[in-house]
Amino acid sequence: MSNKIKNLKQQTASTKLLYVKEANQKNISPLLEKLFTEIFTVSNKKEALKEFMTHEIHLVILHMAPKRADTFELIQELRNLQTDIFIIVLSEKNETDTLLQCLELNIDGYLFAPFTFEALCHEVNKVVQKQQFEFKKYQHYANQYLNLFDKTNMISKTDLEGNITYINNIFSKISGYTPEEVIGKNHNILKYEGTPIELYEDLWRTIKIKKQPWKGLVTNKSKFNKAYCVETVITPLKNIRGEIIDFIAMRDSLDTSFDDKKYLMDRIEQNEFSILVMMQIDEFDMLDKFYNTVTVNQVEKNFAYNLLSYLPKNYNFDNIYSLGDGKFALLTDFKSFENSQLNIEEYLSEFVDNVKSSTLRFDELEFDLNISVSYAIGQYMLYEDAKAGLEEAMNKKSQLNFSNDLSISVSQEAKSNLNMIKTVKIALEKYNIVSYFQPILNNQTQEIEKYESLVRLIDEEGTIISPFEFLHISKKGNYYNKITERVLENSFKILHKINTELSINISVTDIEKTFTREKIFDLLEEYHSDAHRIVFELLEDEDVKDFNIIKDFIRHVKNQGVKIAIDDFGSGYSNFERLLEFEPDILKIDGSLIKNIVQDTYSKSIVETIVLFAKKQNIKTIAEYVENEEIFNILKDLGVDYSQGYYFGKPEAL
């Protein structure tokens, strides 16, 4: 057995396989036994569904006879029972209709007879890789939720033996223990002597035997032998095979308070470069005059509890610090926020708006709160800068105030970004944000039938700069919307100079912005007689917040004759099922597939499958980065409709 097979079998050791084959089909169980330890073999749909519902199946392999519709019915029923089940289809014949049906059902692997053991291993390995990817994605989302609770709750993690492997900052503050003092030690270090043994027996039975979360009230003991009461939820964390890997405990303290200002100052000193956000509940002193101390304290407590929910969902701060008298702070590492590619002004403005539009309710009381916000960036005098900025914001009755224009200059990267933002600003003022237009060739007639609009920046020295160098930075300086507006205006104006279709690139996150949608609708109305020549080229984005907005936009523009294209299809995890929701007229096949099409048969087969799928749905196809005649001829033979690349015409300003 080769090392690759051994490695693959190790990865599938705990995978439960359901193998479905008819009695008259060749039995490949001996091959499967080389890869899987636990196999459930059945010969019909009824048995397959029974085994699937009885056991925790991780992978299904269907040995499909030709023209058997019930195979697809079984796949659909399995998907209904478990949407994320992985399925590989083995077909007796290489039939295009069968392949397309499998693609539409989002099958994870497909082989047609005769196939080798190596080919089977390849398909199984692809599924293993996808399982690992999906598990990482699940972990990513789980970590986001964990980060959310990490800022408001005591959290600890233990291994299967109850030894502590992680504690968060709030845990340290309440228990008095540092991570170095408890990590590696048994959780019994927190055990309070008066806790009944039956509670722990029920706890371990629930999380280890039943593999279910346990919830209850627990009294723990701090480092200084002080008892504290916590509402506790302990959850077993499992891997993709359902095996417990560790336990996480989340606790809500019922009787503790901390010196948040001191802790905040310590954290600022520890960080190399931070963003500190300080906020004040407006007219908080008026609350003191109209309500008793208990109610005012309850306002503060409830605001702090809800504060994280007011923040935009695309970034979480490290902690919440209550500074008293209606004042709170948030702190995060500057690099971490910069890597999120968010604009801090937009992020905090949305935060302020979220607070303004919310209502705080408790004990039959309602409070419509507003806040003033100041933020500072750097390390030294950060608290003082933010505090002074908050006072200035309150005096000027401005909702948001940046408190230190100079501190960011210590970052060389920030300096470069600021220079580029200045270049963008000047280019916008001098109308040097321009559009270039690249020809798109009809593969059959070899005539230019379309152009694609490409944005460029011309700096003060006349250098032409590509969007890769300035577009992402523009988002941080609030210039991105202006660039989008300029590109749209340039593109629509060129319609009077050309008689072909024109493609305009736009991301789905751009469409989510009300400003962008309204600008496009206005231009379509102004150029209504040419709307049928516009093609909006959409780039899929996993971060889209509301897909209904995208679908409504597509319907609106298509009603005016506009066509929709999908950019870079075939890259990453492009999805045929999701594709249809965009109702596209055109698919642009990912350039990496086109570049490799001569040497890589896999890339060629992917392109061929995309073209077959597109033709079935009456969708045109465009190939990007066609660099030579050999690639052009292959694409033409595969049935790709259009080609785009420097070989057939460089972008130029018209």
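The values are calculated or read from the model by the stated rules, or taken from the named source; none is laboratory data. Computed from a prediction, not measured in an experiment: that's the story for all the values here. Reconstructed Cβ throughout: ideal geometry from the backbone, glycine too, with neighbour counts over all protein chains shown. Accessible surface areas use protein heavy atoms only, side chains included; no ligands, DNA or RNA. Shrake-Rupley method; radii C 1.70, N 1.55, O 1.52, S 1.80 Å.
Show me 374-384, 29-39, 345-355 ranked by packing, highest mean number of other Cβ atoms within 10 Å first. Mind showing how you got there, number by number?
Working: 374-384: 20.6, 29-39: 14.5, 345-355: 17.3.
For the peptides 374-384, 29-39, 345-355, the packing ranking is 374-384, 345-355, 29-39.
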Leaving ligands, DNA and RNA out of it, work out the accessible area of residue 122 with a 1.4 Å probe and give it in Å² to the nearest 10.
100
Mind pulling up the Rg/Rh value for the chain? Radius of gyration and Kirkwood radius, both on Cα.
1.02
Whole-Å distance, taken between Cα centres, linking the stretch 4-34 and the stretch 597-622
31
Select from 593, 284, 390 the residue farthest towards the positive end of the dipole of the chain; place +1 on Cβ of Lys and Arg, -1 on Cβ of Asp and Glu, and compute about the Cα centre.
593
Positive-end residue, the stretch 280-328 charge dipole about Cα centroid, Cβ charges, pick of 323, 295, 305:
305
How much solvent-accessible surface does residue 496 expose, in Å² to the nearest 10, with a 1.4 Å probe and all protein chains in place?
140
Size of the dipole of the stretch 576-625 about the Cα centre, Lys and Arg at +1 and Asp and Glu at -1 on the beta carbon, nothing else charged, in debye to 20?
160
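Which net charge results for the neighbourhood of residue 225, defined as the other residues with beta-carbon distances under 13 angstrom from its beta-carbon, given Lys and Arg at +1 and Asp and Glu at -1?
My count for the surroundings of residue 225 gives +3.
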Taking each full run of DSSP H in the chain as one helix, which ones are at least 24 Å long along their axis (Cα atoms) and have mean Kyte-Doolittle hydropathy of at least 1.6?
none
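Which order do 358, 605 take when ranked by solvent-accessible area (1.4 Å probe, heavy atoms of all protein chains), largest first? Don't skip to the answer; put the middle values down first.
Values: 358 25, 605 50 Å².
Greatest to least solvent exposure: 605, 358.
For the chain, what is the mean residue ellipticity at 222 nm derived from helices alone (per DSSP H run of n ≥ 4: -39500 (n - 2.57); sum divided by total residues; nearest 500 deg cm²/dmol)?
Values: 25 runs with 276 residues, N = 654.
That calculation yields -13000 deg cm²/dmol at 222 nm.
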Cα gyration tensor of the stretch 69-134 - equivalent ellipsoid semi-axes, whole Å, descending:
18, 18, 9
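Residue 339 to residue 188: extension gain in nm, 0.36 nm per residue of separation minus the Cα-Cα distance?
Working: separation 151, 0.36 × 151 = 54.36 nm, distance 3.98 nm.
Taking residue 339 through residue 188 to full extension adds about 50.4 nm, to one decimal.
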Ignoring ligands, DNA and RNA, what percent of the 1.4 Å accessible area of the chain is carbon and sulfur?
48
So, in nm, how far is label residue 499 from label residue 485 when the simple model puts each one 7 Å beyond its Cα toward the Cβ?
3.5
For the chain: accessible area per residue (Å², 1.4 Å):
52
Quick one: how many Å² of residue 265 are accessible to a 1.4 Å probe, rounded to 10?
60
Show 424, 294 ordered by accessible area, largest first, where the area counts protein heavy atoms only and the probe is 1.4 Å.
294, 424
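In a shell of Cβ-Cβ distance under 12 Å around residue 357, excluding residue 357 itself, what net charge do Lys and Arg (+1) and Asp and Glu (-1) give?
Working: positive: 356; negative: 350, 353, 368.
Combined, the nearby Lys, Arg, Asp and Glu give -2.
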Taking the dipole about the Cα centre of the chain, with the C-beta of Lys and Arg at +1 and of Asp and Glu at -1, give me whichever of 372, 195, 400 is farthest to the positive side.
195
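Taking the Cα centre of the chain as the origin, how large is its charge dipole in debye, to the nearest 20, when only Lys and Arg (+1) and Asp and Glu (-1) carry charge on their Cβ atoms? Please list the in-between numbers first.
Working: 77 positive and 101 negative charges, 337 e Å.
Once rounded to the nearest 20, the dipole reads 1620 debye.
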